[in-house]
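The values are calculated or read from the model by the stated rules, or taken from the named source; none is laboratory data. The structure presented is a predicted model; accordingly, all values stated were derived computationally and were not measured. Positions of Cβ are generated from backbone atoms using ideal geometry, with glycine treated the same way; all protein chains shown enter the neighbour counts. Calculation scope for accessible area: heavy atoms of the full protein, side chains included, ligands and nucleic acids excluded. Shrake-Rupley method; radii C 1.70, N 1.55, O 1.52, S 1.80 Å.
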Amino acid sequence: MNKPKYQIVEGKETKAVAVKIQSAPFSGMIVRFGKVGVRENGNSAQLAFDFDVIKGKLPKNKAKFSRLENTLGDILVDILENNMNEVEFLGGDD
């Protein structure tokens, strides 16, 4: 995993938590993660997630969009691995 630089930020009015990317080529982009899940495929698993762009623009080029998804996936894995005590899980009754 190529660990991108990022900062956890909070909306001034909404207090919503988001991520500000600090690594090129997406420096300055602010993204909020939505649903996060794991897709199992035999003996492997893939992280699946939704996201909303708060600041910045989605790349129109398919390769750059894929790079953004990979960057966000790396950030999400880092957040989950290093901040499990601070992550709030929502939904479900269990």
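State which residue is nearest to the chain's Cα centre (by Cα) when the search covers only the range 52-86 and only residues that are within 13 Å of Tyr6 (Cα to Cα) and of a type in the set (Val, Ile, Thr).
Among those that are within 13 Å of Tyr6 (Cα to Cα) and of a type in the set (Val, Ile, Thr), it is Ile75.
Considering only residues that are open to solvent by less than 90 Å² (accessible area, probe 1.4 Å) and either touching a residue at least 24 places away in the same chain (Cβ under 8 Å) or over 18 Å from Lys20 (Cβ atoms) (or both), which ones fall in the range 34-49?
Residues satisfying the conditions are Val36, Gly37, Gly42, Ser44, Ala45, Leu47, Ala48, Phe49.
Mind checking which residues of the range 29-51 are in a loop (DSSP other than H, G, I, E, B) and either under 13 Å from Leu72 (Cα atoms) or under 14 Å from the mean Cα position of the chain (by Cα) (or both)?
The first filter runs over the range 29-51 and keeps only residues in a loop (DSSP other than H, G, I, E, B), leaving 29, 42-43.
Answer for the range 29-51, where residues must be in a loop (DSSP other than H, G, I, E, B) and either under 13 Å from Leu72 (Cα atoms) or under 14 Å from the mean Cα position of the chain (by Cα) (or both): just Met29.
Can you tell me how many residues in the range 5-28 are in a loop (DSSP other than H, G, I, E, B), at pLDDT 85 or above and either in contact with a Gly (Cβ under 9 Å, 6 or more places away or on another chain) or surrounded by 11 or more Cβ atoms within 10 Å (Cβ to Cβ) (or both)?
Of the range 5-28, the ones in a loop (DSSP other than H, G, I, E, B) are 5, 11-16, 22-28.
Next, from what is left, pick out any that are at pLDDT 85 or above: 5, 22-28.
Then keep just the ones that are either in contact with a Gly (Cβ under 9 Å, 6 or more places away or on another chain) or surrounded by 11 or more Cβ atoms within 10 Å (Cβ to Cβ) (or both); that gives 5, 22-23, 25-28.
Of the residues in that region, 7 qualify.
Just to be sure I understand the filter: pairs with C-beta atoms under 6 Å, separated by 6 or more residues or on different chains, first member in the range 1-24 and within 17 Å of Glu69 (Cβ to Cβ) and of a type in the set (Gly, Ala, Ser), second member open to solvent by 80 Å² or more (accessible area, probe 1.4 Å) and not in a strand (DSSP E or B). Which pairs pass?
These pairs meet every condition: Ser23/Lys5.
Search the range 63-79 for residues that are touching a residue at least 40 places away in the same chain (Cβ under 8 Å) and pair each with any residue that is among the β-branched types (Val, Ile, Thr) and open to solvent by 20 Å² or more (accessible area, probe 1.4 Å) when their beta-carbon atoms are under 8 Å apart and the residues are at least 6 apart or on different chains.
Sorted first by the residue in the range 63-79, then by its partner, the pairs are Leu76/Val36; Ile79/Ile8; Ile79/Val87.
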